[in-house]
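Peer 1: There's a structure below that I have some questions on.
The values are calculated or read from the model by the stated rules, or taken from the named source; none is laboratory data. Everything quoted here is computed from the prediction, not taken from an experiment. Note: ideal-geometry Cβ built from the backbone for every residue, glycine included; neighbour counts use all protein chains shown.
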Ligand code: SAM
């Protein structure tokens, strides 16, 4: 079956994201022992410019902080939780979290995280991407050993799907109606992969821009309904470009076009003030947003900023801020009536 035009270009953005992460790791911005196996020919890859490395660093630190905050709240409430990562690509977050929350060899273990905190970690992406990722996982022992005993890890659906006790890698096109794409995978009436009553965090890291606003809303509405029916707390973190209508935003869109990535044309594109509407329109109680520019200025520890400033020369701080001002992290939650703690702290 022929894919709609442009999908190959959209999928190629995953390699970009993985290469950006590898670059930030090689230059000393980030630590990630798991990214190399997901990059083809990692030794031949060139580093990214300082501006991209800093952006990758700020986004990664901010998302880690929010995910850690969510897990800490679940732990404090004495409940297990689930994470669903949409358009997960080559993301390594599951393995990084497993080091802390599942596998027994992290030093952090000694601070007493409960080992079963993470009940499910589910990743969704196009079948071509999940197949590639499943193959990388099977090939690299440092990745597969973390998933469980070999007999507990299985491939399915012609290699597009991987199941293990906690981690599941599933193929879906998120633009399709959720009743066709998400429900059969996650919400089987007899044995749902995703429990509708456990606190669940959705991650959309750099993926919504490739979907129409209607498709994004349908996905969020489907999760909202599923968790309302099951009384579970639902949280979400979105990382995305915004403000693409100003002159710099148009440069960013043209850069994507030059690589054959056509954006599905949200009109108007979200601006900073409308970002929380992604959640408010579904009746969620928490909806907050910050730009990467503000996160870098106000939330990254000054000692860390000093450390990364030593790594590479960056002449153009104005340009850095212009770029970072076009990326935002928006996070929110839908809460049952009695979850005051989450509301106050996340
Ligand atoms: N989230 C990862 C990260 O931040 O490192 C990957 C980001 S990459 C820029 C975008 C990912 O979203 C790609 O892996 C792409 O295949 C996936 N994606 C885009 N549109 C999608 C759709 N309609 N359904 C499933 N996955 C999609």
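Peer 1: Please work out which residue is farthest from residue 12 (Cα to Cα), limiting yourself to the range 111-136 and to residues that are within 16 Å of the ligand (Cβ to nearest atom) and touching a residue at least 60 places away in the same chain (Cβ under 8 Å).
Peer 2: 122
Peer 1: Looking at 68, 64, 16, which is the one that is within 11 Å of the ligand (Cβ to nearest atom), within 25 Å of residue 326 (Cα to Cα) and out of contact with any strand residue (DSSP E or B) (no Cβ under 9 Å at 6 or more places or on another chain)?
Peer 2: From the options 68, 64, 16, the qualifying one is 16.
Peer 1: Quick check: anything in the range 63-75 without any contact (Cβ under 8 Å) to a residue 40 or more places away in the chain and within 26 Å of residue 139 (Cα to Cα)?
Peer 2: Checked the range 63-75: no residue is without any contact (Cβ under 8 Å) to a residue 40 or more places away in the chain and within 26 Å of residue 139 (Cα to Cα).
Peer 1: Please determine, by comparing only the residues of the range 76-94 that are within 13 Å of the ligand (Cβ to nearest atom) and out of contact with any strand residue (DSSP E or B) (no Cβ under 8 Å at 6 or more places or on another chain), which one is farthest from residue 15 (Cα to Cα).
Peer 2: Top of the filtered list is 92.
Peer 1: Output the helices (runs of 4 or more DSSP H) that fall wholly within the range 212-309 and possess 1 or more residues being at negative phi and touching a strand residue (DSSP E or B) at 6+ places or on another chain (Cβ under 8 Å), or say none.
Peer 2: 213-230, 247-258, 277-280, 292-298
Peer 1: Quick one: would you say residue 21 is in contact (Cβ under 8 Å) with a residue 60 or more places away in the chain, closer than 23 Å to residue 87 by Cβ and in contact with a strand residue (DSSP E or B) (Cβ under 7 Å, 6 or more places away or on another chain)?
Peer 2: When the stated conditions are applied, residue 21 does not pass them.
Peer 1: Condition (residue is away from the ligand (no atom under 16 Å from the Cβ) and closer than 20 Å to residue 91 by Cα) applied to the range 238-252: is it met by at least one residue?
Peer 2: No, the range 238-252 contains no residue that is away from the ligand (no atom under 16 Å from the Cβ) and closer than 20 Å to residue 91 by Cα.
Peer 1: Inspect all residues belonging to the range 38-57 and state whether any of them is within 11 Å of the ligand (Cβ to nearest atom) and closer than 23 Å to residue 293 by Cα.
Peer 2: yes
Peer 1: Just one of 99, 7 is more than 16 Å from the ligand (Cβ to nearest atom), in contact with a helix residue (DSSP H, G or I) (Cβ under 9 Å, 6 or more places away or on another chain) and modelled with pLDDT under 95; which is it?
Peer 2: 99
Peer 1: Assigned to a helix (DSSP H, G or I), more than 16 Å from the ligand (Cβ to nearest atom), modelled with pLDDT under 95 and within 30 Å of residue 10 (Cα to Cα): does that describe residue 142?
Peer 2: It is true that residue 142 is assigned to a helix (DSSP H, G or I), more than 16 Å from the ligand (Cβ to nearest atom), modelled with pLDDT under 95 and within 30 Å of residue 10 (Cα to Cα).
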